[in-house]
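I have placed the structure first, in the form of structure tokens, so that the comments after it can refer back to it.
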Amino acid sequence: MARIYNPKEIEPKWQTRWEADGLYRARIDPSRPKHYALTMLPYPSGNLHIGHWYAMTPSDARARFMRMNGYNVMFPMGFDAFGLPAENAAIQRNIHPKEWTYANIANMRKQLRSMGAMFDWEREAVSSDPEYYHWSEWFFLQLYKHDLAYRRRAPVDWCPKCNTTLAREQVIGEERVCERCGTPVIRKDLEQWFFRITNYVDELLDFSQLDWPEKAALMQTHWIGRSEGAEVVFHTQQGDPIEVFTTRPDTLWGATFMVLAPEHPLVEKITTPGQKDAVEVYTREVLRQTDIQREATDKEKTGVFTGGYAVNPVNDELIPIWVADYVLMTYGTGAIMAVPAHDQRDFEFARKFGLEIRPVIQPEGAEPISAENMTEAIPAWGKMINSGPLTGTPGDQAFERTIAYLEEHGTGKRSVNYRIRDWLISRQRYWGAPIPMIFCQECGWQPVPEDQLPVLLPDDVEWLPTGESPLKLHPTWKKTTCPNCGGEAERETDTMDTFMCSSWYHLRYLSPHYDQGPFDPREYDYWMPVDTYTGGAEHTTMHLLYTRFFHKALRDMGITRGPEPMLQLRNQGQILGPDGQRMSKSRGNVIDPDEQVDRYGADVVRCYLMFGYRWSEGGPWNSDNISGVVRWINRIWSLFTEPSPTGQAPDEKEIRKLRRKVHQTLIQITRDFKEFEFNTIISGLMELLNEMYRVRELGVPATAAWSEAQEIYLKMLAPVAPHIAEELWTDVFGKPYSVHQQSWPEVDLEAAREDEITLVIQVNGKVRDRLTVPVGISEVETREAALRSEIVQKYLNGRQPRKVIVVPEKLVNIVI
């Protein structure tokens, strides 16, 4: 037998056999509890990176652990295959996106298999397969039929030279230029499709059914951004209403000007001829900025007066209307009432442009405030001042009394506002699921009949250097007939956001080749919901939010059931380069997992990624640490394959110590698997191996306790290092194939029990000594042992204690 583990020979052997035997094929089995384990599917960029391994292999270990605990586990894999990189490849390399994508999938499928994970490859789903996007289109139609899909104008990033929309990642630098031609990018309104995710905001804020990290729930809560306040209607001098939402209606009497987003539809109407040029120039500048740039709090405030005025509904004062970049059409109504005395951004704006600052809140206990002595806004709650009929209202009543006043006078009402906006799903791209809608000049927009799905992407497309969608330019693809009147019509040339495809991939895994619906109802009834979902926290506020919305919308249509699609969520951290920086080719710090597997083997890479970091945190790659895992794997191999020393009689005390360590480790590792604490699983196995090496020299290998220790060790090892565990279990020891079909070991609590405990001795409440005493020692014996302590005797100095307090098997406090 080789002295060291040979992964190049052993690992491919077992991977081939497991697949040939269908070892990880998940089938419906009503006699067993199910566990749907899911890890986020990769985009087929061409190569797996070490981050994929860090996310997937511990998730695989957890799925294996659940299987050994009697669960019928499904652990599928697939590819989120539509997206912009394939189109970039088409332009840069003169290769069709489909060809590029499927070549990458073939390579990544091979790389995924090298992990030795228990993926059920018969359930593989690829979102760019027609049999997949057929049902993405079908789901769109269901949402459309239930008034959850609609079309309206919305801004996009637009390159005027390339004459096309750009994705966020195609707009580069603070100058916001097109990555292809360097032309400054502008914002442009286009008719686009949306999903009404805002219909479900209150449900999406309910996490009571979920076992999620608190951070994930907070991220979604912040993203949704629920605010309680008032909706107030101002009017322009021309009589046009301007709705604003405010969380501080009690400050209305301090509104001394209004600010509109430059793209607000009323701007053109209210702007006076004398201000028209200045407003147009400013608007063009602002529309080149991102929302994040516009909202930056440290940014110098800019704006232009429109020349128009609005009437403050609570005091009938005329207040000037400005346009400014810090007000967004994508949040609220695109208009704000500016209260510079009590909002810092408004304060800075008013100071810069010489606008009135009028305090209307007097914080309790503070010096009387006035505009002249203010150096910053005062956002606190307090007594209302300078507020007409509500002057003198205490701060704790201000909000409610102001809303009552607004509703009584018909100028406003209680309202709830949300930061989240409806989900824009249109993409002016080729490589995505077609939106199954048809436009007829006579009948308007019409859904594609379901029996005509899928609307297939044409393969014969030409790519322009501009990146403009080939679907718009195709000579025949978009030409069709209206399903309503039979007249000439055109297909929608936009495709769907790739998040649409990934919002339901967990359902397609249930039956990837089922053609009577998006999934087989029998599979759904058995496997759903997803029990454990693992992946990066960066997907919390888009993918996971969209998936939850999707499930709830389908539930209301009777397609899915239950409150949530994924019950438990766990996020991994990030593996950084050896320099502690994010891995990137430009930095030269990328760790190639293929190279690591070729050098060390899959089991070593798996175990290093689990041992080297706390999984939820991650950290920099360290080649020195991986060598320690190599030594540990080889020591396992040696211990289990080399002959043990013979001739020495076993020591009962050492046998007891071994069994105690084995079962204490089993308790710890069982707990750690449940808690996703993979680093301590590996360290626990390392410590137990050291103990086994120690007692190996003391005659213990000739005992039943040694055989028990070996068997339990291999079962605990199997989820994290599946190849070496299988080789030792099946081929070296000749036990029944496969170790991955064995039950998780049962803990012997009596064996795990300590023989001795440490007793803490206090004198007058302060720790003075510690004693080792037998487990089960009586209270009288405990008291006597404490009083015999030399240290205690020194404190007593011949005196009798006033009191001796005994906490059995924990501590003794001697009061002098």
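Around the amide H of Gly619, modelled in the peptide plane, lie the amide H atoms of Gln574, Ile575, Leu576, all under 5 Å away and 5 or more residues distant in sequence or on another chain. For the chain, the longest principal axis of the C-alpha atoms and the axis of helix 678-696 are separated by about 10°. For Asp556, the solvent-accessible surface with a 1.4 Å probe is about 90 Å², rounded to the nearest 10.
Alpha carbon centre of the range 341-383 versus the range 232-259: separation in Å? The range 341-383 and the range 232-259 have Cα centres separated by 18 Å.
Among the trypsin sites (Lys or Arg not before Pro) in the range 333-441, those placed in a DSSP loop whose Cβ has at most 15 other Cβ atoms within 10 Å are Arg419, Arg421. Note on exposure: Asp451, Asp598, Asp769 ranked by accessible area (1.4 Å probe, complete protein assembly) read Asp451, Asp598, Asp769, with the most exposed listed first.
Note on the chain: dipole from Cβ charges, positive end direction compared against Thr393, His52, Asn199; the farthest Cα belongs to His52. Of the GluC sites (Glu not before Pro) found in the range 631-708, those that fall in a DSSP loop while having at most 12 other beta-carbon atoms within 10 Å are Glu697. Annotation note: GluC sites (Glu not before Pro) in the range 317-424 located in DSSP loop regions with a Cβ neighbour count of at most 10 within 10 Å are Glu376. Within a straight-line Cα-Cα reach of under 29 Å, Lys215 can be paired with the following lysines, leaving aside sequence neighbours fewer than 8 residues apart in one chain: Lys34, Lys299, Lys552, Lys674.
Each Cα pair under 8 Å and six or more residues apart adds its separation to the average, and for the chain the resulting relative contact order is 14 percent.
Based on DSSP H segments of at least four residues, each scored -39500 (n - 2.57), the chain has a per-residue ellipticity at 222 nm of -10500 deg cm²/dmol.
Taking every protein chain into account, the 1.4 Å probe leaves Ser616 with about 70 Å² of accessible area, to the nearest ten.
If each Cα of the range 196-265 is one equal point scatterer, what is log10 of I(q)/I(0) from the Debye formula at q = 0.11, 0.24 Å⁻¹? Log-scaled intensity ratios, in q order: -0.47, -1.12. Based on alpha-carbon centroids, what's the gap between the range 783-802 and the range 19-48 in Å, whole number please? Here the answer is 64 Å between Cα centres. The modelled label-to-label distance for the pair Ala278/Ala20, using points 7 Å beyond Cα in the direction of Cβ, is 8.2 nm. This model, with +1 at the C-beta of Lys and Arg and -1 at the C-beta of Asp and Glu, gives the chain a dipole about its Cα centre of some 1880 debye.
Using the Karplus relation 6.51 cos²θ - 1.76 cosθ + 1.60 with θ = phi - 60°, the per-residue 3J(HN,Hα) values for the range 42-57 come to x, 8, x, 6, x, 9, 5, 10, 5, x, 4, 4, 5, 6, 8, 6 Hz, with x marking Gly and Pro. Using the empirical formula 2.2 N^0.38 Å as the baseline, the Cα radius of gyration of the range 309-357 reaches a ratio of 1.16. Entry note, the range 282-417: relative contact order of 15 percent, from Cα contacts under 8 Å with a spacing of 6+ residues. The mean accessible area for residues of the chain, using a 1.4 Å probe and ignoring ligands and nucleic acids, is 44 Å² per residue. Look at (1) 44, 31, 26; (2) 59, 42, 23; (3) 43, 36, 25: the one that is semi-axes √(5λ) of the Cα gyration tensor in Å derived from this structure is (2). Basic side chains Lys and Arg get +1 at the Cβ, acidic Asp and Glu get -1 at the Cβ, and with that the dipole of the range 227-417 about its Cα centre reaches some 220 debye.
Out of Leu787, Phe257, Val327, whose Cα points farthest toward the positive end of the dipole of the chain (charges: +1 Lys, Arg; -1 Asp, Glu; placed on Cβ)? With unit charges placed on the Cβ atoms, the residue in question is Leu787. For Leu190, the residues 5 or more places off, or on other chains, whose built amide H falls under 5 Å of its own are Ala154, Val156. Mean sequence separation of contacting Cα pairs (under 8 Å, at least six apart), scaled by the length of the range 756-815, corresponds to a relative contact order of 43 percent. In straight-distance terms, cross-link reach from Lys98 covers every one of the lysines whose alpha-carbon lies under 26 Å from its own, apart from those fewer than eight places away in the same chain; here that gives Lys110, Lys472, Lys478, Lys479, Lys585. Look at the dipole of the chain built from charges on Cβ: of Thr39, Val775, Gln664, the Cα furthest out on the positive end belongs to Val775. Ranking of Trp527, Trp381 by solvent-accessible surface, largest first: Trp381, Trp527 (1.4 Å probe, protein heavy atoms only, all chains present). Each Lys and Arg adds +1 at its Cβ and each Asp and Glu adds -1 at its Cβ; summed about the Cα centre, the range 756-815 shows a dipole of about 400 debye.
The simple Förster model, with R0 at 35 Å and r as the Cβ-Cβ distance, assigns Asp755 and Val732 a FRET efficiency of 0.60. Of all lysines in the structure, the ones whose alpha carbon falls short of 25 Å from that of Lys269, not counting any fewer than 8 places away in one chain, are Lys188, Lys301.
Ligands, DNA and RNA left out, the accessible area of the range 488-559 computed with a 1.4 Å probe is 44% carbon and sulfur. The length gained on full extension between Glu285 and Glu809, counted as 0.36 nm times the residue separation minus their Cα-Cα distance, comes to 181.2 nm.
Based on the Kirkwood approach, the hydrodynamic radius assigned to the range 447-524 is 15.3 Å, with every pair of different Cα atoms included. In this structure Cys485 has an accessible area near 70 Å², from a 1.4 Å probe over the protein heavy atoms.
The values are calculated or read from the model by the stated rules, or taken from the named source; none is laboratory data. All figures in this text were calculated on a predicted structure; none of them were measured in a lab. Every residue, glycine as well, gets a Cβ built from its backbone with ideal geometry; the counts of neighbours run over all protein chains shown. What goes into the accessible areas is simple: the full protein's heavy atoms, side chains included, and nothing from ligands, DNA or RNA. Shrake-Rupley method; radii C 1.70, N 1.55, O 1.52, S 1.80 Å.
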